[in-house]
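Colleague: Can you read through this structure? Questions will come right after.
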Protein chains: 2
Amino acid sequence: MTIENISSTKVFGGWHKQYSHQSAALNCTMRFAIYLPPQAEQQNVPVLYWLSGLTCTDENFMQKAGAQRIAAELGIAIVAPDTSPRGEGVADDKDGAYDFGLGAGFYLNATKPPFDQHYKMYDYVVSELPAIIEAHFPVTHQRSISGHSMGGHGALTIALKNPNHFNSVSAFSPISNPMDCPWGIKAFRGYLGDDQQQWQQYDSCELMKNIQQFVPALVDQGSNDNFLDEQLKPQALINVAKNKGYPLELRMQSGYDHSYYFIATFIEDHLRFHAKHLKIS
Amino acid sequence: MTIENISSTKVFGGWHKQYSHQSAALNCTMRFAIYLPPQAEQQNVPVLYWLSGLTCTDENFMQKAGAQRIAAELGIAIVAPDTSPRGEGVADDKDGAYDFGLGAGFYLNATKPPFDQHYKMYDYVVSELPAIIEAHFPVTHQRSISGHSMGGHGALTIALKNPNHFNSVSAFSPISNPMDCPWGIKAFRGYLGDDQQQWQQYDSCELMKNIQQFVPALVDQGSNDNFLDEQLKPQALINVAKNKGYPLELRMQSGYDHSYYFIATFIEDHLRFHAKHLKIS
């Protein structure tokens, strides 16, 4: 489990670092970024995992969200993986579409060839990446998870399926009901085939219907988001949470869109929410 | 003086907007960005002009610096122009270098053909752009100016030459003595020719030696900046300021580099510095 340092940059008194490593789950070379707050020089700190949206890499959130300021105050590390397997041997969408294949792994384990060879982002985020982080960095086993759009879908589904692994979950503009929107249907059909039983394993609404153990959840959604009605469908999630009595706070933010300007505006609330649920020594 | 809105995005309760317009000074179509804080819906607000570095456009600072949070608190608008004239008829470096021509206007008025046809960024930033901003937006005539690297050079030279136009100036990692570094010598020779009298009009150290009227100045410089010794030379500026008794605070920031992670870390200090010198109603 060797990892290779690519960059180290000081920011808000801590360090933003990028690493590459051979991933066993994904069967390719992957890159991730970690922000270590100043507190990590003295003690182990908890970790927030951030899952980005379509077309992103490890860099978008770290460069644009402004999260390091608050992570440095609270003493939380942030880990940002890439959004899909990468490299020459990795299958892509046949037309190079932005919403399937490279940059669009949807945080699931593909079962349909040829994508089943590399597209195992679920295993990577749930198991392999935390093991690497906890072996190589001054962090505790306290974890929370957050993400945006496709990454909001990833964060919610992963937390719902692994309530003992994550103390809290949050999302910006998540794809809330992927079985019922074009992005999700395209991805599920391409990665999983036509068996809707498999699809249900990666749909937040379906998962929430059957869940026994709750992970506290915060979701922010911009009211001027171009993808709101066709792709994101937060009302579906609100309805299930209400029926289920699930501790979900979903806030409609008036006038905000789908961009990182929206994330930057509310990321402080998300970090403070996670800090309440992470044991910080 | 028509301007055309390209985008409007809500961020920290205010609005990030991009516009294009025909520039008389630059003789081409230009784009700029403005952040209007929430206060601008009720009253006119002062303006901080931000000048970006080599290869940047109006977008880098707005996306990566995290300045809107503090601007929204303080009630300051931020305006970010592009870094050079643009478009098909605009001459570029013959080899397409990153440090001359497009994206590298150096905030001066070129006198050497063919660059004298469009490269008048000095006039654009000092006169045309503020006139446009003050005609079209709810702002006062209170202005400050800041920038990074080539834009730090631009901010310092423009403030030193126009002490009645700007209440305060700040810079991150400025090219402090361009007559004595490779970036500056290449740019000055290419835009101005061999007459060093002309060069002196755009060199912060030379201008500061002869100045009568002081504009309060704050400069941050990272100690791990790759360009520190060869290109930026802050010590030259410190020496002149000391001899002259100029009110310059130059802070060496241990461990920081030349990136926007550095800017994001200290932009709050810069905005609060400018706020002290801007009349905010």
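Colleague: In Å, what Kirkwood hydrodynamic radius results for chain A from the alpha-carbon pair distances?
Modeller: This gives a value of 18.5 Å.
Colleague: Can you pull the mean other chain C-beta count within 10 Å for peptide B:60-67?
Modeller: Mean partner shielding for this stretch: 4.
Colleague: So for A:I78, A:I267, fewest C-beta neighbours within 10 Å to most, what's the order?
Modeller: Arranged by neighbour count, lowest to highest, A:I78, A:I267 become A:I78, A:I267.
Colleague: Please compute the net charge surrounding B:H141, taking Lys and Arg as +1 and Asp and Glu as -1 over other residues with Cβ under 10 Å from its Cβ.
Modeller: Taking every Cβ under 10 Å from that of B:H141, the sum is +1.
Colleague: Hey, rough spin-label estimate for A:Q200 and B:A97, points 7 angstrom out along Cα→Cβ, what's it come to in nanometres?
Modeller: 6.5 nm
Colleague: Putting +1 on Lys and Arg Cβ atoms and -1 on Asp and Glu Cβ atoms, find which of B:S204, A:G96, B:A97 reaches farthest to the positive end of the dipole of the protein assembly as shown.
Modeller: B:S204
Colleague: Also: About the Cα centre, and with charges only on the beta carbon of Lys, Arg (+1) and Asp, Glu (-1), how big is the dipole of the protein assembly as shown? Nearest 20 debye, please.
Modeller: Using only the charged Cβ atoms, the result is roughly 1280 debye.
Colleague: Per-residue mean of other chain beta-carbon atoms within 10 angstrom of the beta-carbon, peptide A:218-224?
Modeller: Average per residue, whole number: 1.
Colleague: Let me ask something else. If we sort A:173-186, A:15-28 on the protection proxy, mean other Cβ atoms within 10 Å, highest first, what's the order?
Modeller: Highest-to-lowest ranking by the protection proxy: A:173-186, A:15-28.
Colleague: Grab the DSSP H runs of the protein assembly as shown that are 4 residues or longer, score each as -39,500 (n - 2.57), total them, divide by all residues and round the 222 nm result to the nearest 500 deg cm²/dmol.
Modeller: So the calculated ellipticity at 222 nm is -8500 deg cm²/dmol.
Colleague: Given R₀ = 22 Å, FRET efficiency for A:E4-A:Q117 by Cβ-Cβ distance, to 0.05?
Modeller: The computed FRET efficiency comes out at 0.40.
Colleague: So if I place +1 on the C-beta of Lys and Arg and -1 on the C-beta of Asp and Glu, and nothing else carries charge, what would the dipole magnitude of region B:114-262 be about its Cα centre? I want it in debye, nearest 20.
Modeller: 320 debye
Colleague: How about A:K112: which lysines have a C-alpha closer than 16 Å to its C-alpha, ignoring those fewer than 8 places off in the same chain?
Modeller: A:K94, A:K120, A:K186
Colleague: Distance between Cα centroids, region A:251-270 to region B:1-24: provide it in whole Å.
Modeller: Cα centres, region A:251-270 to region B:1-24: 20 Å.
Colleague: About its Cα centre, how strong a charge dipole does region A:33-88 have in debye, to the nearest 20, once Lys and Arg get +1 and Asp and Glu get -1 at the Cβ?
Modeller: In debye, rounded to 20, region A:33-88 gives about 140.
Colleague: Looking at the protein assembly as shown, what % of its DSSP beta bridges pair antiparallel, to the nearest 5?
Modeller: 50 percent
Colleague: Here is a follow-up. What ranking do A:V169, B:V47 get, fewest neighbouring Cβ atoms within 10 angstrom at the top?
Modeller: Ranking A:V169, B:V47 by Cβ neighbours within 10 Å, fewest first, gives B:V47, A:V169.
Colleague: Quick one: work out the % antiparallel among DSSP beta bridges in chain A, nearest 5.
Modeller: So the antiparallel bridges amount to about 50 percent of the total.
Colleague: Which chain B residue sits with its beta carbon nearest the axis carrying B onto A, and how many Å away is it, rounded to a whole number?
Modeller: Here the value is B:G66, 2.
Colleague: Among A:Y35, A:M62, A:V45, whose Cα lies farthest out toward the positive end of the dipole of region A:35-86, if unit charges sit on the beta carbon of Lys, Arg (+1) and Asp, Glu (-1)?
Modeller: Towards the positive end, the residue furthest out is A:M62.
Colleague: One decimal, nm, shortest first: give the distances between the label point of B:K276 and those of the same position in the other copies, each label point 7 Å from Cα along Cα→Cβ.
Modeller: With the label placed 7 Å along Cα→Cβ, B:K276 yields 3.7 nm.
Colleague: A further question on this structure: Around B:Y98, what is the net charge, scoring Lys/Arg as +1 and Asp/Glu as -1 over all other residues with Cβ under 13 Å from its Cβ?
Modeller: -3
Colleague: Could you give the length gained on full extension between A:E59 and A:A131, defined as 0.36 nm per residue of separation minus the Cα-Cα distance, in nm?
Modeller: The span from A:E59 to A:A131 would gain 23.8 nm if fully extended.
Colleague: In whole percent, what relative contact order does chain A give with Cα contacts below 8 Å and a gap of six or more residues?
Modeller: Across chain A, relative contact order equals 17 percent.
Colleague: Near B:Q235, within a Cβ-to-Cβ distance under 14 Å, what is the net charge of the other residues, with Lys and Arg +1 and Asp and Glu -1?
Modeller: My count for the surroundings of B:Q235 gives -1.
Colleague: Could you give the spread of the C-alpha atoms of region B:136-281 along their three principal axes, from largest to smallest, in whole angstroms?
Modeller: That works out to 47, 35, 34 Å along the principal axes.
Read-outs: derived from the displayed coordinates by stated rules, not from any lab. What you are looking at is a predicted structure, and each value in this text was computed from that prediction instead of being measured. Heads up, the Cβs are rebuilt from the backbone with ideal geometry, glycines too, and the neighbour counts pull from every protein chain shown.
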